[in-house]
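First up is the structure itself, then whatever we jot down about it.
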Amino acid sequence: MKIVAIESSTAASSVALGEGPTLVATATRVDRRGHAEFLTAALDFCFDQAGWSPGDLDGVVVDIGPGLYTGIRVGLATAQGLAATLGIPLVPAISLDALALRAATGRRHIHAIVDVRRGEIATASYRPVPGGVVKDGPAELTSVEELRATIQGSADDVLVVGDVAVLGDEFFNGLHRARTGRPRHPSADALLELAANRFDHDDVPHPDEVRPRYLREADVTISSVHLEGHGPWGDLS
């Protein structure tokens, strides 16, 4: 199954093409601005590298957040436009899940974090299991101080991944069972892995159910992204 993955929920935007979970082509750029321009160029690049055309695709997966409002909306609009134009299924993925999947260590309890600004971070915790990770509970908004208190009260060895720069230089002082690690940003290749099993089991939501996951009301407005049948990748039919 040929899948395109679109990741733009954080400063690191990426696109990946895969045969199921197997990566075929990818492109990445770290920049808090210009998500739409990058995605257009990245899709062109990946299709060229893989020798595919948009009409070869069987499915789309997109990161719906939490993360940057503008990035999430641009990525989702791009993914929805492709899926609707090509008549193929669209599967949503969560940025924190993508971080945790790539951070699996075999023993450390994982806290994935994404900076959502206004003094808040989105976070979720995960336990490593053979072959991946299991989420302990839903994603939630918290402060840096509250996250530190949670980690300080844990008896587990902890790995913090994601937007760790927002935590500050002093965050890990005295947290002897905790350390930071990679990845710093969710990636499109991780989305391929998250989506492949859902596509295999036809676990695909109705398109109207695929919505941004901000965890709070948006406080910005951006222009809509419009994709037509003759869009930036030529004739998608």
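The values are calculated or read from the model by the stated rules, or taken from the named source; none is laboratory data. The structure displayed is predicted, hence computed values, not measured ones. Neighbour counts run over all protein chains shown; Cβ positions are idealised from the backbone, glycine included.
Against the definition (among the acidic types (Asp, Glu) and either touching a Phe, Trp or Tyr at 6+ places or on another chain (Cβ under 8 Å) or under 23 Å from Leu23 (Cβ atoms) (or both)), how does Asp115 come out, yes or no? In short, no.
Scanning the range 158-166 turns up no residue that is at pLDDT 95 or above, assigned to a loop (DSSP other than H, G, I, E, B), farther than 18 Å from Val30 by Cα and not assigned by TED's automatic domain parsing to the domain that holds Ala42.
Rundown of residues vs (1) under 19 Å from Leu96 (Cβ atoms); (2) out of contact with any helix residue (DSSP H, G or I) (no Cβ under 7 Å at 6 or more places or on another chain); (3) surrounded by 21 or more Cβ atoms within 10 Å (Cβ to Cβ), yes/no style:
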{"site": "Glu37", "(1), (2), (3)": "no, yes, no"}
{"site": "Ala42", "(1), (2), (3)": "no, yes, yes"}
{"site": "Cys46", "(1), (2), (3)": "no, yes, yes"}
{"site": "Val60", "(1), (2), (3)": "no, no, yes"}
{"site": "Asp63", "(1), (2), (3)": "yes, no, yes"}
{"site": "Val74", "(1), (2), (3)": "no, no, yes"}
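Take the conditions (1) surrounded by fewer than 12 Cβ atoms within 10 Å (Cβ to Cβ); (2) at positive phi; (3) at pLDDT below 90; Leu215 misses just one of them, which is (1).
Of the strands (runs of 3 or more DSSP E) contained entirely in the range 1-73, those carrying at least 3 residues that are under 17 Å from Arg211 (Cα atoms) fall at 2-7, 59-63. Among the residues of the range 102-112, is any surrounded by 21 or more Cβ atoms within 10 Å (Cβ to Cβ), outside the structural domain of Tyr69 (by TED's automatic domain parsing), touching a residue at least 40 places away in the same chain (Cβ under 8 Å) and touching a Ser or Thr at 6+ places or on another chain (Cβ under 6 Å)? Within the range 102-112, one or more residues are surrounded by 21 or more Cβ atoms within 10 Å (Cβ to Cβ), outside the structural domain of Tyr69 (by TED's automatic domain parsing), touching a residue at least 40 places away in the same chain (Cβ under 8 Å) and touching a Ser or Thr at 6+ places or on another chain (Cβ under 6 Å). Restricting attention to the range 159-201, the residues being surrounded by 13 or more Cβ atoms within 10 Å (Cβ to Cβ), under 19 Å from Glu120 (Cβ atoms) and not β-branched (Val, Ile, Thr) number 7. Within the range 133-145, the residues that satisfy the criterion of being without any contact (Cβ under 8 Å) to a residue 60 or more places away in the chain and surrounded by 14 or more Cβ atoms within 10 Å (Cβ to Cβ) are Val133, Lys135, Thr142, Val144.
Taking the range 194-206 as the range and being assigned to a helix (DSSP H, G or I) and under 18 Å from the mean Cα position of the chain (by Cα) as the test, the residues that pass are Leu194, Ala195, Ala196, Asn197, Arg198, Phe199. Take the residues of the range 119-135 that are among the aliphatic types (A, V, I, L, M) and touching a strand residue (DSSP E or B) at 6+ places or on another chain (Cβ under 8 Å): which is nearest to Arg148 (Cα to Cα)? Per the stated criteria, the residue is Ile121.
Across the range 92-112, the qualifying residues are those that are assigned to a loop (DSSP other than H, G, I, E, B) and among the charged types (D, E, K, R), and the one among them that is modelled with the lowest pLDDT is Arg107. The residues on offer are Ala124, Ala149, Ala83, and the sole one that is outside any strand (DSSP E or B) and either surrounded by 14 or more Cβ atoms within 10 Å (Cβ to Cβ) or on the phi > 0 side of the Ramachandran plot (or both) is Ala83.
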